[in-house]
Amino acid sequence: MVTVALPDTWVYALRLPHDPRAARVARMTVLAALHGHGMSEVLDTVELLTSELVINAYLHGKGPSSLRLTALGDGRLRVGLWDGCPRIPPPFDRPTGEGVPLVPPDSETGRGLYLVQQYADAWGGWPLSGDLLGRGAGKLLWFELGARRRCR
């Protein structure tokens with residue numbers, strides 16, 4: 001009899017169309033992947049933050065986006081979202097741990113990505129360079145959970 005040890009690192013990728021239903025599809029994918037890998041303790045937070053990233057890609061972008069879930073080992077999970085808009089929004093435009101000012105109370109938008117600051121252990125954003133024709137390649141936003149446990 002052979003014992004099989006499941007890997008603690010894995011990657012799932014999902015291409016999302018520019019469609020208002022994409023956030024729901026992303027949430028269902030996150031749900032299935034995290035349940036399948038026994039990571040239900042972070043499910044609510046990952047679902048919320050993933051949904052915010054996908055919704056913002058839909059609202060501020062014009063094309064498709066791509067979601068990537070990566071288990072980094074030691075209980076850490078990174079979620080990345082690529083979209084075609086090159087602008088890096090706060091808090092992704094600042095180093096992890098640097099405070100981001102709150103949105104004015106009368107503002108109708110802008111609160112969603114601030115949830116990342118409250119719930120993620122690390123985050124970042126990278127503009128991606130364009131091609132030879134001068135077209136921008138967009139950006140990659142990411143957040144990570146589980147980093148705090150690793151540092152203790």
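The values are calculated or read from the model by the stated rules, or taken from the named source; none is laboratory data. This is a predicted model, so every value here is computed, not measured. Please note: Cβ atoms are built from the backbone with ideal geometry, for glycine as well, and neighbour counts cover all protein chains shown. Protein only, heavy atoms only, side chains kept; ligands, DNA and RNA dropped before computing areas. Shrake-Rupley method; radii C 1.70, N 1.55, O 1.52, S 1.80 Å.
One residue is enough: does region 58-67 have a residue meeting the conditions in contact with a Leu (Cβ under 8 Å, 6 or more places away or on another chain) and of a type in the set (Phe, Trp, Tyr)? Checked region 58-67: no residue is in contact with a Leu (Cβ under 8 Å, 6 or more places away or on another chain) and of a type in the set (Phe, Trp, Tyr).
For the residues Leu77, Leu67, Leu43, Leu113, the requirement of being open to solvent by less than 40 Å² (accessible area, probe 1.4 Å) and farther than 23 Å from Trp126 by Cβ singles out Leu43. For region 121-132, indicate whether the set of residues that are open to solvent by less than 30 Å² (accessible area, probe 1.4 Å), farther than 25 Å from Thr29 by Cβ and at pLDDT below 75 is non-empty. No, region 121-132 contains no residue that is open to solvent by less than 30 Å² (accessible area, probe 1.4 Å), farther than 25 Å from Thr29 by Cβ and at pLDDT below 75. Selection of region 80-99 for residues being surrounded by fewer than 16 Cβ atoms within 10 Å (Cβ to Cβ) and either at pLDDT 90 or above or farther than 20 Å from Ile55 by Cα (or both) yields Arg94, Pro95, Gly97, Glu98, Gly99.
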